[in-house]
Amino acid sequence: MSAISANDQCAPLLVFGAHPDDIEFGCGAVIAAETQAGRAAHFVVCSLGEAGTHGSAEQRRDEACRAAALLGATIEFVELDGDSHLEVRAVHAIKLAGIIRRLRASTVLATTPTENQHSDHARLGQLVRDAARIARYGGLKELIDLPAHSIERLLFYAVTPDGEPRDLAPILIDISASEVSRAWVAAMQAHGSQAATRSYVDLQLTRARLLGARAGIEYAMALYPNEPLVFESLAAAGRGARNF
Ligand SMILES: [Zn+2]
């Protein structure tokens, strides 16, 4: 089943990442599936990855722009505290809430707030959760020029296995279509500076294959809803992933 209902196909999918490659590695295949189905997607990258061992800020920005284009998404970069310095501060949540209001997004994706992964990932997850809440508050003086906006759903993605919440069952998105996996792999490979020493693409494909096997399909990607999802009927709820 899709994470997006028929009612909000026109609203862009809004995806936040802490570093230039988070979105592609953490949920790139879901983005490819959605844009190939005709939905708009917009990426907000909250640092240039300048603290990484490999790749300059300029190189990593270029890689992220190329990867976003391969996934059919637009992209912008937002300066918060810089790579590896992100802190949970109200001023950041308000800034991100302004982006949610500007885009009028219905579905928002962000890194999981799970501890014991890159601290920027966990903190960005907290900030986006706060931003989604305060985007609704009409009296917020910093954002008075933008009409208040309620999103329909906030879904988290885990960039690495460390970021997977231990206490939440994910929803699984079928990403088995060959054109989806092709676009996803190409977008990950666009981050050439990060492929120098580790097999990140292999790791993500293995994660997706394992989830797919669990669900009886070829490849799947996990998303973690911030709150219970409401379905209009049981039939709209998809099937259970049990395959053994
Ligand atoms: Zn990252």
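Since every read-out is calculated from the coordinates, none of them should be taken as a lab result. Since the structure is predicted, the reported quantities are computational estimates derived from the model, not experimental observations. Counting neighbours? That spans all protein chains shown, and the Cβs are built from the backbone with ideal geometry, glycine included.
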Here the gain from full extension of Phe231 to Glu76, 0.36 nm per residue of separation minus their alpha-carbon distance, amounts to 52.6 nm
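Where does the chain land at 222 nm, in deg cm²/dmol rounded to the nearest 500, when only DSSP H runs of n ≥ 4 count, each adding -39500 (n - 2.57), divided by all residues?
Calculated mean residue ellipticity at 222 nm is -11500 deg cm²/dmol.
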Counted neighbours (other Cβ, 10 Å), sorted fewest up, put Thr112, Thr35 in the order Thr35, Thr112
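By counting other Cβ atoms within 10 Å of each Cβ, how are Val201, Val44, Val15 ranked from fewest to most?
Values: Val201 18, Val44 22, Val15 31.
If I rank by nearby Cβ atoms, fewest first, I get Val201, Val44, Val15.
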To the nearest 20 debye, the chain has a Cα-centred charge dipole, built from +1 on Lys and Arg Cβ and -1 on Asp and Glu Cβ, of 520
Of 115-127, 174-186, ordering from highest average Cβ density within 10 Å down gives 115-127, 174-186
Percent antiparallel among DSSP beta bridges confined to the chain, nearest 5, equals 25
Taking only C-alpha positions in the chain, Rg and Dmax in angstrom work out to 17.0, 54
Between Leu146 and Glu58, the two model label points (7 Å from Cα along the beta-carbon direction) sit apart by a distance in nm of 3.0
The alpha-carbon center of segment 143-213 and that of segment 8-41 are separated, in whole Å, by 9
From fewest to most C-beta neighbours within 10 Å, the residues Lys95, Lys141 line up as Lys141, Lys95
